[in-house]
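Student: Pasting a structure below so you can have a look.
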Amino acid sequence: MEPTLNNMHFLWAAYLIVAIANIGFVWRLKKRWNALRTKEDHSPVQTRE
Amino acid sequence: MGRTFWILCGLSLVLLLIGTYEAIFVAPVEATMGSIYRIFYWHVPINISAEIFPYVNLLASVAFLFTRHTKPALASKLDALALATAEVTVLYVSLGLITGMIWARPVWGIWWTWDERLTSFLLLFLLYVSYLLVRQFSSNQSAIIAAVLSVFAGIDVPIVFMSIRWWRTQHPAPVLTGDGSLDRTMWPAFLLNMAAWFFWGCWLVWARYALAVREQEVEESIALNVVEA
């Protein structure tokens, strides 16, 4: 039986959205790590290692 | 971060690359849907993972509620784990909903329908968004309120899982275990993506957990300095 649907652009859109969302999540984590490091540098805090 | 953290990151990315290649170029074309069905190789693993992380959140939240007076150091770590799993759950559930809608439009002709699977999954999304809003905007009791909320979110997960077994839904019946089982040539791509998305989710939880713990330590330290000053 021949496929009745072949909407590749929907497939690429789905894969692209998932990839962008995950990259965005990691980027946000990285940004928060950097902000935290700046906060640590500018305040006399001691953290447990 | 330790070595295991980066090994898990690398392993997840390698599995994702191989899994995606398998899903797009190796797995056979589905007889009726054509290539649009390949969304399945990301949609299903993301959704299965999105039903596992809420349980980690639930266990961590319940343990937090029981240990917050007796073992505050452990309770802080459990709270950080609950927060990390909640954020990753929101990410995964939203991606599950979006990929499902993108698949539904060409296959069903509609973006959305209020069937039991879709509605219960949307409810799970809303519950975890509420969880994060409570964490963000509530004052000193936010961790406790959020932990209680996570119990209700945990109740929704088995309803999501069983919805396509209990009711006749527009959403397809179980393809992994049901009558219309997956063709054996499709299993390698599915299993690779399943492992990839689960490990990637675990890595995200780990990264978010480490950040939450460090934030707690910094806040604690600043508070101590203020008291001492």
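Just so it is clear, none of the values below were taken in a lab; they were calculated from the coordinates. These numbers come from a predicted model, not from an experiment. Using ideal geometry, Cβ is built from the backbone for each residue, glycine included, and neighbour counts are taken over all protein chains shown.
Student: Go through (1) touching a Lys or Arg at 6+ places or on another chain (Cβ under 9 Å); (2) exposed (fewer than 12 other Cβ atoms within 10 Å of the Cβ) and name the single condition B:Arg168 misses.
Tutor: Among (1) touching a Lys or Arg at 6+ places or on another chain (Cβ under 9 Å); (2) exposed (fewer than 12 other Cβ atoms within 10 Å of the Cβ), the lone unmet condition for B:Arg168 is (1).
Student: Here's a follow-up. Take the residues in region B:20-38 that are of a type outside the set (Val, Ile, Thr) and part of a loop (DSSP other than H, G, I, E, B); name whichever of them is surrounded by the most Cβ atoms within 10 Å (Cβ to Cβ). Walk me through it before giving the result.
Tutor: Let us first name the residues in region B:20-38 that are of a type outside the set (Val, Ile, Thr), namely B:21-23, B:25, B:27-28, B:30-31, B:33-35, B:37-38.
Filter once more, so that each one left must be part of a loop (DSSP other than H, G, I, E, B): B:27-28, B:31, B:33.
Values: B:Ala27: 22, B:Pro28: 10, B:Ala31: 12, B:Met33: 19.
Across region B:20-38, the extreme among qualifying residues is B:Ala27.
Student: Same structure again: Taking B:Trp167 as meeting all but one of (1) in contact with a Ser or Thr (Cβ under 9 Å, 6 or more places away or on another chain); (2) touching a residue at least 40 places away in the same chain (Cβ under 8 Å); (3) not small (Gly, Ala, Ser), write down the number of the exception.
Tutor: For B:Trp167, the failing item is (1).
Student: Do we have any residue at all in region B:6-26 that's farther than 27 Å from B:Arg135 by Cβ and charged (D, E, K, R)?
Tutor: Taking region B:6-26 first, the residues farther than 27 Å from B:Arg135 by Cβ are B:6-7, B:10-11, B:13-26.
Narrowing further to those that are charged (D, E, K, R): B:22.
There is at least one residue in region B:6-26 that is farther than 27 Å from B:Arg135 by Cβ and charged (D, E, K, R).
Every residue, every condition in (1) under 23 Å from the mean Cα position of the chain (by Cα); (2) within 14 Å of chain A (Cβ to nearest Cβ); (3) part of a loop (DSSP other than H, G, I, E, B); (4) not aliphatic (A, V, I, L, M), yes or no:
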site: B:Val160; (1), (2), (3), (4): yes, no, no, no
site: B:Pro188; (1), (2), (3), (4): yes, no, no, yes
site: B:Leu192; (1), (2), (3), (4): yes, no, no, no
site: B:Val205; (1), (2), (3), (4): yes, yes, no, no
site: B:Ala210; (1), (2), (3), (4): yes, yes, no, no
site: B:Leu224; (1), (2), (3), (4): no, yes, no, no
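Student: So which residues in region B:2-34 are out of contact with any Leu (no Cβ under 6 Å at 6 or more places or on another chain) and either on the phi > 0 side of the Ramachandran plot or among the polar types (S, T, N, Q) (or both)?
Tutor: The answer is B:Thr4, B:Ser12, B:Thr20, B:Thr32.
Student: Anything in region B:85-98 that is more than 10 Å from chain A (Cβ to nearest Cβ) and either without any contact (Cβ under 8 Å) to a residue 24 or more places away in the chain or crowded, with 23+ Cβ neighbours inside 10 Å (or both)? List them, or say none.
Tutor: Looking only at region B:85-98, we keep the residues that are more than 10 Å from chain A (Cβ to nearest Cβ), and these are B:85-86, B:89, B:93, B:97.
Across region B:85-98, the qualifying residues are B:Thr85, B:Ala86, B:Thr89, B:Val93.
Student: Looking at region B:50-79, which of its residues are within 14 Å of chain A (Cβ to nearest Cβ) and crowded, with 22+ Cβ neighbours inside 10 Å?
Tutor: Hits for region B:50-79 are B:Ala50, B:Phe53.
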